[in-house]
Amino acid sequence: MAGEQFRVVEDLSTLPTERWKVVTQGEPALRLEVLISLVDQQTRPLPMKAFLLEDAQGIAAAGLCREIVQAADYSPLDGLMFGRLRKLCNSMHLSAKPYLSFHLPLGGAAALCVRAASAQDQHRWLTALMDGIEGYASQRGLGTAFMRIEEQTSEHAVLRERGYLETESLPTTVLVIEWQDIDGYVAHLRRSSSNAAQTVRSERTRARKQGVTIRPVPTDETNVMALYRLAHSHYIHKNGAEPAYTPDFFLRLAAALGEDLLIFEAQRNGSRTAMIGLVRSGELAWAAWLGFESNDRPADFTYFNLAYYALAEYAPTAGIRKLLYGNTTYDAKSRRGCRISPCTLFYRPHSQLMRSVVRLFFRIHRAWHRRKGT
């Protein structure tokens with residue numbers, strides 16, 4: 001379309017900040033401060049590139065990706081498809097590599113976005129953006145993968161139209177703030193489940209009796225590094241691997257975000273036991289990091305009070321209308337008022353051989369996923 005241009009940005013620090021804010025509105029994980037701090041980590045840089053479709057109004061649509069091409073590059077798709085057989089399959093030249101991974105290393109959100117507009121304009125912009133991305137990938141012999149695209153969106157519709165292989169991806173979760181205080185939150189839960197409302201009351205009471213208190217703390221170097229230490233330890237405990245972030249990333253992010261980096265601390269009888277960190281973007285906040293003292297995990301419901309109840313009480317007074325929680329622990333989140341949004345993984349392999357392999361695998365994966373959900 002005349003007046004629209006496609007371009008590739010290799011250095012995210014050169015992105016036009018105000019125009020980037022417009023196209024990523026409502027996506028805290030896509031804040032430029034988060035991305036640049038992640039890319040520029042001193043000890044573990046994570047290079048990313050941006051694909052932009054621009055017009056006279058600014059950025060109409062954008063995609064962020066990492067190139068997964070080297071043997072040493074971890075491939076999320078290989079992990080999904082082959083599991084423990086990944087290394088064996090890779091030795092047999094069965095791999096999604098090389099490909100462009102449109103998948104944020106923090107939070108796992110899909111790194112594809114479009115400016116707010118009519119459905120027709122969004123469809124046109126995304127189509128033009130995908131033309132550019134696929135042309136870039138084809139010239140370099142790369143596949144393309146969009147790891148978590150929410151259903152009922154323009155991005156989902158365009159990728160499906162373009163004939164990508166697809167399967168179910170991990171859903172995402174959001175808590176929509178529809179109350180003014182903690183009593184309103186409990187009443188909100190009671191409308192769908194009296195048991196859920198009673199659970200909140202009992203878990204808050206149990207925590208208080210155990211001496212648990214929760215409060216926001218300043219985003220100074222001491223608290224930022226405490227959050228890093230606890231989140232790092234918790235991530236390894238849950239995943240058995242190092243996270244994507246380093247201490248340097250946290251310090252850079254705190255300096256860049258200022259008051260939009262929110263940190264809450266849980267103490268038991270005056271001693272810190274857990275922390276949670278959030279990135280705020282206007283009326284949205286993304287719960288990005290959670291951490292606990294590794295040797296201090298009694299059954300006092302600190303997790304639920306820190307991750308849900310304290311934030312449900314704080315959000316209305318701070319003007320936060322949505323809390324983004326990402327994936328995992330769906331039952332716990334649903335019982336505490338979160339909405340679950342289904343997502344799809346879209347993939348176009350770099351070769352016909354991989355297309356045949358992936359088509360078969362995705363068929364099996366979809367059948368397994370649907371049986372699991374019944």
Each residue of region 264-274 in order: what ³J(HN,Hα) in whole Hz does its phi give by Karplus 6.51 cos²θ - 1.76 cosθ + 1.60, θ = phi - 60°, with x for Gly and Pro?
10, 10, 9, 10, 10, 6, x, 10, 5, 10, 6
The simple spin-label model distance between SER294 and GLN198, using points 7 Å out along Cα→Cβ, in nm, is 3.9 nm
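Between LYS209 and ARG160, what length comes free when the chain is fully extended (0.36 nm per residue of separation minus the Cα-Cα distance, one decimal in nm)? Walk me through the intermediate numbers first.
Numbers: separation 49, 0.36 × 49 = 17.64 nm, distance 5.24 nm.
Length difference between fully extended and current span is 12.4 nm.
Of the listed peptides 19-30, 70-81, 102-113, 331-342, what is their order by residue-averaged count of other C-beta atoms within 10 Å, with the highest listed first?
Working: 19-30: 19.0, 70-81: 15.1, 102-113: 23.5, 331-342: 16.8.
Ranking the peptides 19-30, 70-81, 102-113, 331-342 by packing returns 102-113, 19-30, 331-342, 70-81.
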Charge-dipole axis of region 178-320 as Lys and Arg at +1 and Asp and Glu at -1 on Cβ define it, positive-most pick from SER192, TYR309, TYR235
SER192
Would you kindly derive the ³J(HN,Hα) couplings of region 275-290 from the backbone phi angles with the Karplus curve 6.51 cos²θ - 1.76 cosθ + 1.60 (θ = phi - 60°), listing them in order in whole Hz, with x for Gly and Pro?
8, 9, x, 10, 9, 9, 9, x, 8, 10, 9, 10, 6, 9, 9, 9
Under the helix-only model (-39500 (n - 2.57) for each DSSP H run of 4 or more, divided by the residues of the chain), the mean residue ellipticity at 222 nm, to 500 deg cm²/dmol, is -12000 deg cm²/dmol
Mind checking the dipole of region 178-320: about its Cα centre, +1 per Lys or Arg Cβ, -1 per Asp or Glu Cβ, Debye to the nearest 20?
600 debye
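Suppose every K and R has +1 on its Cβ and every D and E has -1 on its Cβ; what is the size of the dipole of the chain about the Cα centre, in Debye to the nearest 20?
On the way: 46 positive and 38 negative charges, 333 e Å.
Once rounded to the nearest 20, the dipole reads 1600 debye.
Which order do peptides 176-187, 250-261 fall in by mean Cβ count within 10 Å, highest first?
On the way: 176-187: 15.6, 250-261: 17.7.
Top of the packing list down: 250-261, 176-187.
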Let a ≥ b ≥ c be the square roots of the eigenvalues of the Cα gyration tensor of region 135-261; is it rounded (a/c under 1.5), or, if not, prolate (a/b larger than b/c) or oblate?
oblate
HN-Hα couplings for region 301-316 via Karplus (6.51, -1.76, 1.60; θ = phi - 60°), in whole Hz with x for Gly/Pro, come out as 6, 4, 4, 5, 5, 6, 7, 10, 5, 5, 6, 4, 7, 6, 3, x
Set Lys and Arg Cβ to +1 and Asp and Glu Cβ to -1, take the dipole of the chain about its Cα centre, and tell me which of GLY83, ALA288, HIS93 lies farthest positive.
GLY83
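Please give the charge dipole size of region 249-364, origin at the Cα centre, charges +1 on K and R Cβ atoms and -1 on D and E Cβ atoms. Round to the nearest 20 debye. Provide the component values of the computation, followed by the final result.
Values: 15 positive and 9 negative charges, 160 e Å.
In total the dipole reaches around 760 debye.
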Please work out the C-alpha center-to-center distance from region 73-99 to region 277-351 and express it in whole Å.
30 Å
Excluding same-chain pairs closer than 8 in sequence, count the lysine pairs in the chain whose Cα atoms lie under 30 Å apart.
21
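Only bridges whose two residues both fall in region 223-374 count here: according to DSSP, what percent of them are antiparallel, nearest 5?
On the way: 16 of 19 bridges.
So the antiparallel bridges in region 223-374 amount to around 85 percent.
The numbers here are math on the coordinates, done by the rules we state, and not lab data. It should be emphasised that the depicted structure is a prediction, and the values quoted were computed from it without experimental measurement. Note: ideal-geometry Cβ built from the backbone for every residue, glycine included; neighbour counts use all protein chains shown.
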